[in-house]
1. For the Cα atoms of chain B, what angle does the longest principal axis make with the long axis of helix B:143-165, in degrees from 0 to 90, nearest 10?
2. Just to be sure I understand: if I project the alpha-carbon convex hull of segment B:69-236 onto a plane and average over all orientations, what area do I get in nm²?
3. Using just the helices of chain B, give the 222 nm mean residue ellipticity in deg cm²/dmol: DSSP H runs with n ≥ 4 each add -39,500 (n - 2.57), and the total is spread over all residues, rounded to 500.
4. Could you tell me the largest-minus-smallest coordinate of the C-alpha atoms of chain B on each of the three principal axes, in descending order and whole angstroms?
5. What is the mean number of Cβ atoms from other protein chains located within 10 Å of the Cβ atom of each residue in peptide A:219-232, rounded to a whole number?
6. Are there any helices in chain A, counted as whole DSSP H runs, that stretch 20 Å or more along their axis by Cα and score at least -1.0 on average by Kyte-Doolittle, and if so which?
7. What are the ³J(HN,Hα) values, in whole Hz, obtained from phi via the Karplus relation 6.51 cos²θ - 1.76 cosθ + 1.60 with θ = phi - 60°, for each residue of segment B:208-225 in sequence order, with x given for Gly and Pro?
8. I need the peptides A:69-81, B:208-220 ranked by packing, meaning the mean over residues of other C-beta atoms within 10 angstrom, with the highest value on top.
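Values quoted throughout were computed directly from the atomic coordinates according to the rules given, and no laboratory measurement underlies them. All values reported here derive from a predicted model rather than from experimental measurement. Cβ placement follows ideal geometry from the backbone for every residue including glycine, while neighbour counts extend to all protein chains displayed.
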Amino acid sequence: MLSARVRVALQVLPLALVLLVFFVVPIGFVVAVSFFHYDDFGIVPAFSPENYAAVLSEHLTLDLYLSTLRFAALVWFFTLIIGFWVAYFLVFHVRNQLVAIGLFLVCTVPFWTSNIIRMISWLPLLGKEGLINRGLIGLGVIHRPLEFLLFSDFSVVVSYVHLFTIFMIVPLFNSMSRIDRSLFEAASDAGTSRLQTVLFVVVPLVKSGIVLGSIFVITLVMGDFYVVRVMSGGSRASVVSAMFDDISVLLFPHAAANAVFLIIIVVLMVGLILRAVDVRRELVDQR
Amino acid sequence: MTNSSGNRPWTFYALAAFFAAYVLFLYGPMLCIFILSFQGQGGALVFPMRGFGLYWFIDLFTQVRTGDVIGAIERSLPLAFIVMALTVAISVASGMAFRQRFRGSGILFYGAVASLVAPGLVLGIGIGLMFQLLGVPEHWWSSAVGAQLTWTLPFGLLIMFAVFGRFNRAYEEAARDLGASPAQVVRLVVIPIILPGIIAVALFGFTLSYDEFARTLQTSGPTNTLPLEIWSMTTNVTSPALYALGTVTTAFSFLVIGISLGAIAVIQRRRFGRALPAKRP
C-alpha cells in the first residue's frame, strides 16, 4: 500500500507537470526570447536589453497601457455594479432555491458559448443601420443615426461587460450564499436601513468574492486583443493586440519584451489586490 | 431581504427588473444573429429580414470562400474530447490531494490561478516559441491540447474545491473501516458521491476547449480549429453565413450544456429520491 505522502504526490503530479511544461517553461521561453536580437535577416539568440529599451522608449507603449487600463477600470466598475446586484437578487430575493439556481444557470450558460460569436452578435444591434438606431429614429427620439454606438470605445466597453460580467457574478453569488441570514434580522433589529445593511453587512462579508471577480475581470481585459480590435473597428489597440501585430510580422523578440513587461504589471496588480484578502484561505480552508 | 411571509419589499421589484434587463442584455444580441441567420439569398448583416430560409446554412457548408468549416469542426470536436478527458482525470486527482495541506500546495495553487489569469495570447506565443525552438512541429492534438489545459485545469480544480468542500469524509472512513482498499474507496464511494461535480468539470472542459480562441491561435499548428475559423471569417466574410456559423456552434454548445445539466439533475433527483425516509416497511 502506498504511503499517504506518495499518494498525494502522485495525485498532484499530472497537474504540476502540465503547469510546468505548458505554463512555466513557455513563459521562460518568452523571457529568453525577449533578450534575443533581431534584424531584417532574422532572429539571433543573444542577451541584449535592446528590446526592452525599444519598448520602454516608444511613446506608443505608454498610450497602449493607459488605454488598456482605462478600459479595465471602466469594465471593472460596470461588471462590479451589475454583478453585485444580480447576485444579490438571486441570493437574497429569490425565495425558492431551485428557481434561484435555475436563474443562476440562465446567467452562466452564455459563458459556455463562443466569445467571438457573442462579440459579433452586437453588430446588427449597434450599427448605423442597426436595430437600436432604427428603433430610436422610428420613435422620433433622434433624426440621424448615432455614430458612437458601433466601432467606438462605447461598443468595446459594452462587449467587455457582456462577455465578462459572469466572472463577477459567480464569485459574488458564492460568497453571498454563505452569509448567515440571521445577520439581516440582527441588523434590522439594530435599526439599520436597507442600504446600511448592504454597505456594512453584505459588502464586508463578500470581500473575497469581490476580489476574485475583480482579478478575473481586470486580467481578462488586460489580456484581450480581439474584442478591442473588432469592436473599435480597428481604431483602438490594446497592449496584447499590439503584440499580436508584432508576431504577425514575426517580430517575436519585441513582442516577447512587451509580454514580459505586461506580465510584471499584471502580477503586481494581482499581488496588490491579493494583499487585501487571502483568497486561498477563503477558497480552500474556510469550509 | 427575505421576509419569510408577507409582501415583498419594493427592492424586490426594482432588482427583479434589473435582473430581467441583464438577461435581455445577455441574450438579446445572440437572439438577433440567430434570427438573421435564417434569411433568404438577399440577406444582409442587419435587420430587416430579407427573405427566409436555410440559404446561409447551405452556403456555409458548401462554399469554399467561407473556409474549411467542416474540417475545423472535425478537429475541434476530438480536441474538445481529449481536453475534457484530461481535465476530468487531472482535476479530480489533484482535487483529492488538495484536501490536505502538503508541501508545495500553496505554490501549486497559485500556479494554477496564475495560469488561469495569464494573458492567453502570451501563453500561446510562449508555447509556440517552445515548440519552434525545440524543433517540434505544432499540431492541434499536441501544442493546442497543452495550451487549452492551462485554461481548463484551473477551472476544474476550482470546481473540485467546491465539490470536496461539501464532501463528508466520514463516508471514506466508514468504507475503510469496513475493509475497503484505497482503490475501492475511490471507485465505490468517492467517485459516485462526487459524480455531479465530475460532470460539471467535464462540461467546463469540453465547452471551454471547443470555444477556446486566444491560447489556441498560436498553437494549433498548420490547421484551424473552429474558433480560429470563425475569427478568420469575421474579417473575410460579410454575409449572414457568419451568423449561420454562430447559430450552428451555439446550438451545439447548448446541446452539450443541456445534456450535462440534465444528467446532473437526474443524478441529484435519484439521490434525493433514495434519501427520503421509507414510508412503508
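1. 40 degrees
2. 11.5 nm²
3. -23000 deg cm²/dmol
4. 70, 66, 38
5. Counting other chains' Cβ atoms within 10 Å and averaging over A:219-232 gives 3.
6. Span-like helices in chain A: A:4-19, A:59-88, A:153-177, A:207-223, A:252-276.
7. With coefficients 6.51, -1.76 and 1.60, one gets 5, 6, 4, 9, 5, 10, 4, 6, 7, 3, 9, 10, 7, x, x, 10, 8, 8 Hz.
8. Packing order, densest peptide first, comes out as B:208-220, A:69-81.
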